[in-house]
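Here the structure is laid out as structure tokens; the discussion comes afterwards.
The values are calculated or read from the model by the stated rules, or taken from the named source; none is laboratory data. Here the structure is a predicted model, which is why all the values come from computation and not from measurement. A quick note on method: Cβ atoms are made from the backbone with ideal geometry, for glycine too, and the neighbour counts reach across all protein chains shown. The accessibility values were calculated without ligands, DNA or RNA, using every heavy atom of the protein model including side chains. Shrake-Rupley method; radii C 1.70, N 1.55, O 1.52, S 1.80 Å.
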Amino acid sequence: MATPEQESKTAKIGMIGLGVMGENLARNIERNGYSIAVWNREPKKVDEFTQRLEGHQVIGAKSPQEFVKALERPRKMILLVKAGDPVDWTVAQVKPFLEQGDIIIDGGNSYFMDTERREKALKAEGFNFIGSGVSGGEKGALLGPSLMPGGDPQAYEQIRPIWEAIAAKVDDGPCVTYIGPGGSGHFVKMVHNGIEYGDMQLIAEAYDMMRRILGMSADEMADVFDEWNRGDLESYLIEITSKILRVKDPETGGPLVDLVLDKAGQKGTGKWTSDVALDLGVIVPTIDSAVDTRNLSGRKEERVEAGKQIAGPQNRQFEGDRAEMIACIRDSLYASKICSYAQGMSLIRAGSEHWKWGINLGETARIWKGGCIIRAQFLDKIKQAYQRRADLPNLLLDPDFNAYMQNAQTNWRRAVTTAMQMGVPVPGMSASVGYFDTYRTADLPLNLTQAQRDFFGSHTYERTDKPGQAPVHTEWEELLEQQQKT
């Protein structure tokens with residue numbers, strides 16, 4: 001139970017869930033001058049947290065009622081619990097004690113349509129629900145994450161000072177902006193995670209080409225990633241890749257990364273991105289390839305057996321210039337990265353238009369410049385692209401990105417084809433090349449596909465020589481028979 005002294009105090013905001021992310025975000029909030037009440041299903045965690053922060057502006061609560069009572073009105077409480085049913089369960093625990101205008105903030109990785117449902121249901125009862133993406137991992141939560149809040153704009157205004165205080169800071173402000181109504185905040189966080197999948201896949205392929213095509217050691221590759229991190233590729237993921245490659249295993253003395261099993265886990269946000277993209281008719285092949293590769297990585301035993309039975313190219317000796325190939329790999333990584341972000345931003349645009357959220361793409365890129373896992377120098381260029389043209393359909397159409405892609409094409413294609421010739425899998429980079437070539441091709445061979453559909457299913461087609469006219473159907477076999485008789 002709360003002490004008499006605690007009962008006389010109230011906190012500016014509350015935190016439900018004291019896992020690593022919840023605890024670190026709570027510490028961030030308190031460090032920035034805001035008193036905070038905390039509650040967890042396990043009372044022991046509350047005791048441990050309040051003991052560690054003894055003397056700070058923290059109120060520990062042992063029940064939902066005690067927790068709600070400890071908050072200033074309108075009450076503002078953050079949920080950092082596992083996505084799905086636990087969110088609904090937690091809301092149900094506190095809801096009986098809430099009053100009109102109170103605000104619940106879901107800071108987890110919830111599916112955006114669940115957030116839409118919760119926001120509408122709670123609004124009908126007089127409560128506010130904000131779905132806020134939080135990116136940056138446990139370190140970002142403590143020192144400053146990127147925050148992507150969506151929901152009622154007036155409710156957001158009430159938490160905005162806190163969100164701006166705890167967010168990461170970059171040259172043009174805190175890494176937070178109001179995304180839009182409903183589930184838009186969690187939608188943007190979902191796409192952010194999909195882009196993150198793509199980024200990690202492309203970096204892994206660059207690493208794989210250096211080690212398997214060029215035979216480079218972990219330290220040599222670390223030096224290359226260090227160099228890349230001082231240029232256009234500067235990013236958190238490139239930085240940590242270099243650090244990972246330098247770590248030695250205490251037991252064997254060899255690179256620790258070589259002892260990490262090649263089975264990558266995932267929590268589902270990448271799959272959500274691919275699924276929603278399919279629903280909206282937006283192609284995201286680089287992100288899809290990253291999801292697919294993680295799935296295939298889980299089939300370790302099957303892959304080992306396949307490697308024994310299925311032979312690849314016999315000539316696996318690279319005979320070119322090593323420095324030139326490193327430059328090709330670098331350009332391939334950057335060009336593929338542009339394609340991945342182009343896909344992700346196109347998906348955000350499509351979602352915003354479909355659900356009428358009014359998302360500002362330039363601001364979205366800006367708040368990813370710090371705090372989050374995909375933070376990178378590159379994002380400032382994306383922000384500038386949307387400042388030049390707010391309705392830009394695709395990043396590939398921006399003059400600056402287009403110019404870079406033109407310059408990188410030769411090296412990009414050389415890296416990908418070399419990998420394919422030597423049997424080194426590069427699904428992310430090859431998908432990016434395919435996306436680039438398909439997007440820039442005015443006349444695709446899908447005229448044949450549509451003709452086939454009309455042949456076997458009478459699906460009709462439009463004639464290129466009669467634009468604007470109604471679709472037509474042809475009896476292809478009958479017409480062929482007539483023409484063969486003449």
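Below is a table of values for the structure above.
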quantity	calculated
Selected residue [at pLDDT below 95 and closer than 24 Å to residue 327 by Cα] from 381, 369	381
Criterion violated by residue 23 - all others in (1) touching a residue at least 24 places away in the same chain (Cβ under 8 Å); (2) exposed (fewer than 14 other Cβ atoms within 10 Å of the Cβ); (3) acidic (Asp, Glu) satisfied	(2)
Meets criteria (farther than 19 Å from residue 164 by Cα, over 30 Å from the mean Cα position of the chain (by Cα), at pLDDT 95 or above and not acidic (Asp, Glu)) for residue 44	no
Restricting the range 214-253 to residues that are part of a loop (DSSP other than H, G, I, E, B) and among the charged types (D, E, K, R), the residue that is least open to solvent (accessible area, probe 1.4 Å)	249
Any hit, the range 228-248, residues being among the polar types (S, T, N, Q), without any contact (Cβ under 8 Å) to a residue 60 or more places away in the chain and in contact with a Ser or Thr (Cβ under 8 Å, 6 or more places away or on another chain)	yes
Flag for residue 206 being open to solvent by less than 10 Å² (accessible area, probe 1.4 Å) and under 21 Å from the mean Cα position of the chain (by Cα)	yes
Filtered residue count, the range 431-486, keeping only those that are hydrophobic (A, V, I, L, M, F, W, C), part of a helix (DSSP H, G or I) and either closer than 30 Å to residue 419 by Cβ or in contact (Cβ under 8 Å) with a residue 60 or more places away in the chain (or both)	5
Residue that is farthest from residue 116 (Cα to Cα) [pool: residues in the range 363-374 that are open to solvent by less than 10 Å² (accessible area, probe 1.4 Å) and in contact with a Phe, Trp or Tyr (Cβ under 9 Å, 6 or more places away or on another chain)]	374
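Each row is one residue, and each column tells you yes or no for (1) among the acidic types (Asp, Glu); (2) part of a helix (DSSP H, G or I); (3) under 19 Å from residue 289 (Cβ atoms).
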{"site": "383", "(1), (2), (3)": "no, yes, no"}
{"site": "392", "(1), (2), (3)": "no, no, no"}
{"site": "401", "(1), (2), (3)": "no, yes, no"}
{"site": "404", "(1), (2), (3)": "no, yes, no"}
{"site": "407", "(1), (2), (3)": "no, yes, no"}
{"site": "410", "(1), (2), (3)": "no, yes, no"}
{"site": "413", "(1), (2), (3)": "no, yes, yes"}
{"site": "417", "(1), (2), (3)": "no, yes, yes"}
{"site": "425", "(1), (2), (3)": "no, no, yes"}
